[in-house]
Structures are given as C-alpha cells and as structure tokens.
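The values are calculated or read from the model by the stated rules, or taken from the named source; none is laboratory data. Being a predicted model, the structure only gives us computed values, none of them experimental. Neighbour counts are summed over all protein chains in view; Cβ atoms, including those assigned to glycine, are modelled from backbone coordinates with ideal geometry. For the accessible areas, the whole protein counts, side chains as well, though only heavy atoms, and no ligand, DNA or RNA atoms are used. Shrake-Rupley method; radii C 1.70, N 1.55, O 1.52, S 1.80 Å.
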Amino acid sequence: QVQLVESGGGLVQAWDSPRLSCAATGLTFSTYTMGWFRQAPVKGREFVAAISWSGRTTYYADCVKGRFSISRDNAKNTVYLQMNSLRPEETAVYYCAAAYMRITRQAVEYAYWGQGTQVTVSS
C-alpha cells in the first residue's frame, strides 16, 4: 500500500522559510516523479513544483519560481519543498504526490497523493 506522509507545515510568519517533507512508502520511489500541489480555501488544487525521478529536472509554477526549491533524497524515499519568502496569500493545504516516471505539472497524472499539511502564513 502506497503512503505519502507530509510534514513541516503549521503557522508561520510572512517571509519565513519553512521546509516541507514528504516520506513515501510502498512504491519504488526512485521511479516516480514527485510533485507538490496546494489548495487554498475556495480555490482549486494548484501545481507548485515537481522533480523527476532522477532529480535532474525540476518544474515550478511561475508564482513560486525563484522562491521555492524542490529536492529529493532517493536513499530516504523523501521529497522536500523549501519555501522562502512566504506570503499570506500562500496559506493553503500543501500536498505531495507521485507520478510514475514522466515529470508533469498535471494533477490528473499523479496516481498517489498524501493527506496534505496545512501551511498558514500570518502577516
């Protein structure tokens, strides 16, 4: 059974730099693209970042490019999202997800999802 468990969320101050983690079990981690998405209240799920199975390729949403950084440790079956200069409007539930092999921004192509971790950014 595949499980993705996010951690590192909570209440943070604007311009803080928290790091989210997502630990994966039940899949061959090194064959999966890993992605981060977020969903704010009354909004749809939004792509944030993705990293290829090898870690060589990364994609970012334009609104986070230059501030967020995605990375992975295949030995630990864990993907990270370093978030810098957070803004109050980025308050959302952050989800990690796994897509087999091909890197993608499309949520529909991710087969496995975590339960999400709430990030609340206070001004």
- G44 fails exactly one of the following numbered conditions: (1) without any contact (Cβ under 8 Å) to a residue 12 or more places away in the chain; (2) more than 19 Å from G116 (Cα to Cα). What is the number of that condition? (2)
- Note on the structure: Scanning segment 68-92 for residues that are more than 10 Å from the chain's Cα centre (by Cα) and among the β-branched types (V, I, T), the one most open to solvent (accessible area, probe 1.4 Å) turns out to be T91
- Item | Search result, residues across segment 16-33 that are open to solvent by 30 Å² or more (accessible area, probe 1.4 Å) and aliphatic (A, V, I, L, M) | A23
- Hey, could you check segment 35-67 for residues that are of a type in the set (D, E, K, R), farther than 18 Å from A111 by Cβ and under 13 Å from the mean Cα position of the chain (by Cα) and say which is surrounded by the most Cβ atoms within 10 Å (Cβ to Cβ)? R38
- Out of segment 1-27, which residues are under 12 Å from the mean Cα position of the chain (by Cα) and farther than 16 Å from K76 by Cβ? G9
- Pick from segment 65-86, criterion at pLDDT 95 or above and among the aliphatic types (A, V, I, L, M), ranking: farthest from G10 (Cα to Cα): A75
